[in-house]
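*Asks:* Got a structure for you, questions after.
The values are calculated or read from the model by the stated rules, or taken from the named source; none is laboratory data. None of these values were measured; they are calculated from a predicted model. In this analysis, Cβ positions are derived from the backbone assuming ideal geometry, glycine residues included, and neighbour counts consider all displayed protein chains.
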Amino acid sequence: MVPGTIVFAAAYGTLAAQKGLTLSEAVLMSALVYGGASQLVAMEVWTSPLTLSTVVSLAVVTGIVNARFILMGATLRPWLGALPPWQAYAALNGTVDATWLIATRYRAEGGSDVSVFAGAALTLWLIWVGSAIPGYLLGAFIADPKRFGFDLMLPIFFAAMFVPLWRGARRAVGWVVAGVVALAVSYLVPGWWFIVAGALTGSIAGAFIDDE
Amino acid sequence: MMNEPLAYGPLIGILAMAFATLMTRFAGYWLMGHIPLTKRVRRVLEILPGAIMAATIVPIVAKVGPAALIAVVVAAVSMIVKRNEFIAVGLALVAVSLTRAFGV
């Protein structure tokens, strides 16, 4: 998981440099948001200068891309529920795909020490924030990022992350719907709303089809 | 007002993203203490990550063309053969560089 996090963070840093964020802005975003996929998508939505409508788009897109944390948080309730609320909510700040996987495995093996989750979260957070810096410097130095395919970092990453999700064709119906709807919306509506429209339509359609 | 440049725009944008993410991290945990998540909502959230990826990849490939298609296919095939993000991303970038060097 650590190599994946480093590559991911470096890719984000590269895109952030190309989008005109300062190094401190790029690092601050990693530190406060700590959500890889949402930061990559946000770099596509980001404009310089930012307007109020772009800020609203950023918040909505980030919320949708990170909506999977809602489910992760729900599954952590039986475990963290034993803690005082302030500790539980503090620990929830470390929820990302990797830490949630670590926590779930550890729990399945009978572990109950919450500091394992907190420790994994803190370690991965430091790696995430730190690895954005070399990526940023690389992105700032390269004059023609398109030549090396850096403009395609987002689809490349998502294609790589998509493979481990595969659980057979039946489960993929919602993803096909998501792709088709997103494609149609991308021709009809300007901006990056096609991600939101496609992802929501696809996952809702998929959930209902899988029911029958 | 909606389309004028904002003072402290980047900082406001980052804080808005951080707040939206904070809500997703707290919402499910908080909800579970009040009402159980239904099976259907659970399914929606399970499908969502893949749906986000599909909804991002397909329109970009359609817009950018062959170079993007090659990038996505190389990354996916590499992950199927060997589960390593370093290799997958590296090979995809090499494939795009070559494709573009040959003027496709």
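*Asks:* Would you point out the residue of region A:153-192, among those that are without any contact (Cβ under 8 Å) to a residue 40 or more places away in the chain and aromatic (Phe, Trp, Tyr), that is farthest from A:ALA59 (Cα to Cα)?
*Replies:* If we take residues in region A:153-192 being without any contact (Cβ under 8 Å) to a residue 40 or more places away in the chain and aromatic (Phe, Trp, Tyr), then A:TRP166 is farthest from A:ALA59 (Cα to Cα).
*Asks:* Please verify whether region B:69-77 includes one or more residues that are touching a residue at least 24 places away in the same chain (Cβ under 8 Å), surrounded by fewer than 24 Cβ atoms within 10 Å (Cβ to Cβ) and among the hydrophobic types (A, V, I, L, M, F, W, C). Spell out the reasoning first.
*Replies:* In the first step, residues of region B:69-77 are kept if they are touching a residue at least 24 places away in the same chain (Cβ under 8 Å); the result is B:70-71.
Checking which are surrounded by fewer than 24 Cβ atoms within 10 Å (Cβ to Cβ) leaves us with B:70.
Keeping just the survivors that are among the hydrophobic types (A, V, I, L, M, F, W, C) gives B:70.
There is at least one residue in region B:69-77 that is touching a residue at least 24 places away in the same chain (Cβ under 8 Å), surrounded by fewer than 24 Cβ atoms within 10 Å (Cβ to Cβ) and among the hydrophobic types (A, V, I, L, M, F, W, C).
*Asks:* For region A:14-36, how many residues are crowded, with 23+ Cβ neighbours inside 10 Å, touching a Pro at 6+ places or on another chain (Cβ under 8 Å) and within 7 Å of chain B (Cβ to nearest Cβ)?
*Replies:* 1
For (1) in a helix (DSSP H, G or I); (2) of a type in the set (Phe, Trp, Tyr); (3) modelled with pLDDT under 80, each residue gets a yes or a no:
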{"site": "A:ILE70", "(1), (2), (3)": "yes, no, no"}
{"site": "A:LEU76", "(1), (2), (3)": "yes, no, no"}
{"site": "A:TRP79", "(1), (2), (3)": "yes, yes, no"}
{"site": "A:TYR89", "(1), (2), (3)": "yes, yes, no"}
{"site": "A:GLY94", "(1), (2), (3)": "no, no, no"}
{"site": "A:ILE102", "(1), (2), (3)": "yes, no, no"}
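*Asks:* Let me ask something additional. Among the residues of region A:141-157, is any part of a loop (DSSP other than H, G, I, E, B), away from chain B (no Cβ under 13 Å) and either surrounded by fewer than 21 Cβ atoms within 10 Å (Cβ to Cβ) or within 21 Å of the chain's Cα centre (by Cα) (or both)? Before you say what the answer is, go through the steps one by one.
*Replies:* In the first step, residues of region A:141-157 are kept if they are part of a loop (DSSP other than H, G, I, E, B); the result is A:142-144, A:149.
With away from chain B (no Cβ under 13 Å) added as a condition, the list becomes A:143.
Retained after the next criterion (residues that are either surrounded by fewer than 21 Cβ atoms within 10 Å (Cβ to Cβ) or within 21 Å of the chain's Cα centre (by Cα) (or both)): A:143.
Yes: one or more hits.
*Asks:* Among the residues that make up region A:94-102, is at least one of them out of contact with any Leu (no Cβ under 8 Å at 6 or more places or on another chain) and among the hydrophobic types (A, V, I, L, M, F, W, C)?
*Replies:* So in region A:94-102, the residues out of contact with any Leu (no Cβ under 8 Å at 6 or more places or on another chain) come out as A:97, A:101-102.
Then keep just the ones that are among the hydrophobic types (A, V, I, L, M, F, W, C); that gives A:101-102.
There is at least one residue in region A:94-102 that is out of contact with any Leu (no Cβ under 8 Å at 6 or more places or on another chain) and among the hydrophobic types (A, V, I, L, M, F, W, C).
*Asks:* Could I ask something else about it? Given the criterion of a type in the set (A, V, I, L, M), within 13 Å of B:GLY9 (Cα to Cα) and in contact (Cβ under 8 Å) with a residue 12 or more places away in the chain, identify the matching residue among A:LEU23, A:LEU58. Even if it seems obvious, please write down each step before you answer.
*Replies:* Working: A:LEU23 fails: within 13 Å of B:GLY9 (Cα to Cα).
From the options A:LEU23, A:LEU58, the qualifying one is A:LEU58.
*Asks:* Looking at region A:187-207, which of the residues that are more than 16 Å from B:GLY50 (Cβ to Cβ), more than 21 Å from the chain's Cα centre (by Cα) and assigned to a helix (DSSP H, G or I) is nearest to the other protein chains (Cβ to nearest Cβ)?
*Replies:* This residue is A:TYR187.
*Asks:* Quick one: is A:VAL41 buried (at least 24 other Cβ atoms within 10 Å of the Cβ), touching a helix residue (DSSP H, G or I) at 6+ places or on another chain (Cβ under 6 Å) and either free of Cβ contacts under 8 Å to residues at least 12 places away in the same chain or over 22 Å from A:LEU122 (Cβ atoms) (or both)?
*Replies:* Numbers: buried (at least 24 other Cβ atoms within 10 Å of the Cβ): yes; touching a helix residue (DSSP H, G or I) at 6+ places or on another chain (Cβ under 6 Å): yes; either free of Cβ contacts under 8 Å to residues at least 12 places away in the same chain or over 22 Å from A:LEU122 (Cβ atoms) (or both): yes.
Yes.
*Asks:* Among the residues of region A:124-155, what is the count of those that are among the aliphatic types (A, V, I, L, M) and modelled with pLDDT of 90 or more? Spell out how you get there, then give the answer.
*Replies:* From region A:124-155, those among the aliphatic types (A, V, I, L, M) are A:124, A:126-127, A:129, A:132-133, A:137-138, A:140, A:142-143, A:152-154; that's our starting set.
Next cut, modelled with pLDDT of 90 or more only: A:124, A:126-127, A:129, A:132-133, A:137.
Within region A:124-155, residues that are among the aliphatic types (A, V, I, L, M) and modelled with pLDDT of 90 or more number 7.
*Asks:* So, B:GLY28, is that one under 13 Å from A:PHE158 (Cα atoms), out of contact with any Asp or Glu (no Cβ under 9 Å at 6 or more places or on another chain), buried (at least 24 other Cβ atoms within 10 Å of the Cβ) and at the interface with another protein chain (Cβ under 7 Å from one of its Cβ atoms) or not? Quick ask: steps written out before the conclusion?
*Replies:* Details: under 13 Å from A:PHE158 (Cα atoms): no; out of contact with any Asp or Glu (no Cβ under 9 Å at 6 or more places or on another chain): yes; buried (at least 24 other Cβ atoms within 10 Å of the Cβ): yes; at the interface with another protein chain (Cβ under 7 Å from one of its Cβ atoms): yes.
Spelling it out, it is not the case that B:GLY28 is under 13 Å from A:PHE158 (Cα atoms), out of contact with any Asp or Glu (no Cβ under 9 Å at 6 or more places or on another chain), buried (at least 24 other Cβ atoms within 10 Å of the Cβ) and at the interface with another protein chain (Cβ under 7 Å from one of its Cβ atoms).
*Asks:* On to the next question. Of the conditions (1) of a type outside the set (D, E, K, R); (2) surrounded by fewer than 17 Cβ atoms within 10 Å (Cβ to Cβ); (3) over 29 Å from A:THR14 (Cβ atoms), A:LEU80 fails just one. Which one is it?
*Replies:* Going through the list (1) of a type outside the set (D, E, K, R); (2) surrounded by fewer than 17 Cβ atoms within 10 Å (Cβ to Cβ); (3) over 29 Å from A:THR14 (Cβ atoms), A:LEU80 breaks only (2).
*Asks:* Would you mind telling me which numbered condition in (1) surrounded by fewer than 21 Cβ atoms within 10 Å (Cβ to Cβ); (2) facing chain B (nearest Cβ under 7 Å); (3) under 29 Å from B:THR38 (Cα atoms) A:VAL65 fails?
*Replies:* Exception for A:VAL65: condition (1).
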